[in-house]
Every structure is written in structure tokens, then in C-alpha cells.
Amino acid sequence: APATTPTQVALAVGYASGRLALFAPDGAQLASQKLEHAGVTGFQLRGHGASDGTSELLVVFDNSVVARIDGATLTAIVAAPPGSMHEIAFGKWRLASSTRVLDAVCCGFDEQAHSSDFWGASYYKVVAGGVEAPLSLYAVSDERSTTSAKEVLSKITSAAFSMAKSYFWGSSDKGEEELDKTPPKIEAARGSGACDALPDGKRAVRKLHLDPSGKVVAASDNLGRVILLDVEDFFALRIWKGYREAECAWVSLASDNTSPNTSNNTSINTPQNGRDHRHDQRHERSRDAN
């Protein structure tokens with residue numbers, strides 16, 4: 001949550017049926033909705049600390065589909081009065097460059113893709129990890145901010161047909177009641193091709209860890225390596241070897257005792273041998289510069 005508001009806490013639970021549920025700390029259910037015809041395999045949460053001011057919960061499914069729920073939507077659901085259930089608004093895309101996406105992170109607003117779009121749609125950068133194309137970069141458009149001419153025509157046609165039916169045959173309360181009982185239709189995910197990719201048939205990236213700024217990603221693969229990826233240039237800044245089943249995290253440290261500036265440090269831990277490594281990006285950049 002923003003620094004000006006109290007911290008809000010909720011538990012997100014994903015199911016093999018493709019349903020997402022949100023719960024309050026006391027166990028009360030805040031929302032429950034089926035988002036996709038595939039199982040949920042993971043979440044990636046990016047908070048309000050991002051430099052572009054955006055935030056979201058990215059839901060990853062086992063059929064290479066990802067769904068983005070905006071931070072404002074999550075805030076509204078969590079802050080709603082007890083007992084109220086809300087529909088979850090989201091955008092959804094099928095990432096097509098990898099045979100199977102194992103993890104994905106949203107890195108924030110994509111200004112370049114937004115400025116080049118004729119309709120001015122909102123775009124977000126998504127980095128995906130998987131097999132065949134271990135790392136891929138996507139620019140996905142926000143479904144809620146764009147409406148195609150075909151969708152508009154479909155809505156107008158449906159409305160006109162409904163009015164004509166009511167005029168000639170009269171309305172049917174029974175039909176409306178049956179319609180209300182029909183489960184909501186799950187829209188198909190939009191296809192999205194990769195803007196860039198790092199192909200490697202032997203490597204499979206299993207887990208992605210986005211730093212708080214949204215500019216760097218730590219990716220752990222099946223070969224015991226951790227790749228530090230620059231999102232903007234889509235370039236591997238560094239590769240560490242010998243970290244099988246690595247778990248990564250980002251630690252923010254103050255630059256000094258008097259400065260409010262912080263630096264993001266990578267922490268890599270291997271559960272098999274208890275090995276732990278910390279990497280200071282400030283020092284790495286200074287060495288690279290020299």
C-alpha cells in the first residue's frame with residue numbers, strides 16, 4: 001500500500017481449477033473467481049514502491065497464460081466492508097514464445113509500447129521464464145483500456161436484438177432468471193508474441209525474482225545458475241554458477257546513515273548446502289564502469 005495509507009493484508013489462494021480467492025487475515029472471504037481453465041502455479045506481487053507508480057498481482061497458470069490484477073483493484077477489494085464480495089477485474093494473455101511458461105513477472109509500465117500504439121493503450125513489460133526460450137520479454141496491452149471495433153459492434157448488435165425481441169415477443173422474467181443463474185463466461189486469453197528472447201534448448205528458467213524498482217530480475221534455472229537480467233536492455237548483467245534449487249530475494253539497504261537513498265542487493269540461498277551469497281549492485285556497477 002502507499003506510504004500515506006495503512007498497510008493492507010490479504011491472503012491469495014490459487015486452485016488447480018483456475019480459481020483465485022482472496023481472504024482477510026481473520027479468514028473472511030473477500031473475493032472468489034475463476035480466471036482461467038487451467039491450474040494456478042504461482043503469484044508475483046509488485047507493490048507501490050515501483051518507480052512508475054504502478055502495482056499489481058500477476059497470476060501464472062500452467063498453460064502459459066498470465067493474468068494481471070491491478071493494485072487499485074486489490075486495494076478496493078481488501079478495503080471493502082466485511083461480507084461484501086467483489087468481481088475481480090483483470091487482463092489476461094497467452095505468452096506464446098515458450099512451449100511452457102514456468103514463471104513470469106510484470107516489470108511495470110512500458111512507455112515505449114504505449115507511445116507507439118495508435119489508440120494509446122496501456123502496455124506493461126512482462127518477463128517470462130520457461131523451457132526452450134528460458135527468458136522472454138513481452139509488451140502486453142491492458143485489455144480493460146482497449147475495445148476493438150468488433151467488440152463494440154457485437155455489443156450494439158446484442159442490444160438491438162434484445163430490444164427487438166422485447167417489442168415483438170414481450171419480455172420473459174423466467175428467461176432472465178435462468179440467465180442470471182448461468183455461470184459467467186471466462187474470456188479467452190489474448191495472444192502475445194515476445195519482443196525479445198534468449199533461446200537455449202538445454203536451459204529452463206524455473207523461478208523469477210523481480211527487484212523493487214522493476215528494472216532487474218534474478219532468474220534461477222535447472223542448471224544451478226542464477227542470471228541477473230537487465231529488463232530495459234534485456235541483457236544478462238551477471239551469471240552465478242553452482243546454485244542448484246536456488247531461492248533468491250531482494251534486500252533494500254540504505255546507502256549511508258544520513259541518506260534516504262537505498263540500494264537493492266541480491267540474496268541467493270541454496271537449501272541443499274546452506275550456501276548463501278549477497279551481491280551489492282552498487283559495487284558491481286562501479287566495477288563494470290571502471
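Brief remarks on what is shown
- Ranking of K125, K241 by solvent-accessible surface, largest first: K241, K125 (1.4 Å probe, protein heavy atoms only, all chains present).
- Calculated FRET value between K34 and E245, using beta carbons and R₀ = 51 Å, to 0.05: 0.95
- At R0 = 30 Å, FRET efficiency that the Cβ-Cβ distance of E187 and R278 yields, to 0.05: 0.10
- Highest mean packing first, where packing is the average number of other Cβ atoms within 10 Å per residue, the peptides 219-229, 8-18 line up as 219-229, 8-18.
- On the beta carbon distance between E132 and F23, with R0 = 30 Å, the FRET formula returns roughly 0.25.
- Taking 20 Å as the cut-off, the amide N atoms of the stretch 10-33 that come nearer than this to a point 7 Å along the Cα-to-beta-carbon line of V78 belong to 10-15, 20-33.
The values are calculated or read from the model by the stated rules, or taken from the named source; none is laboratory data. The structure presented is a predicted model; accordingly, all values stated were derived computationally and were not measured. Cβ coordinates were reconstructed from backbone atoms using ideal geometry, including for glycine residues, and neighbour counts include every protein chain displayed. The protein model used for the area step is the full one, side chains on, heavy atoms only, and it has no ligands, DNA or RNA in it. Shrake-Rupley method; radii C 1.70, N 1.55, O 1.52, S 1.80 Å.
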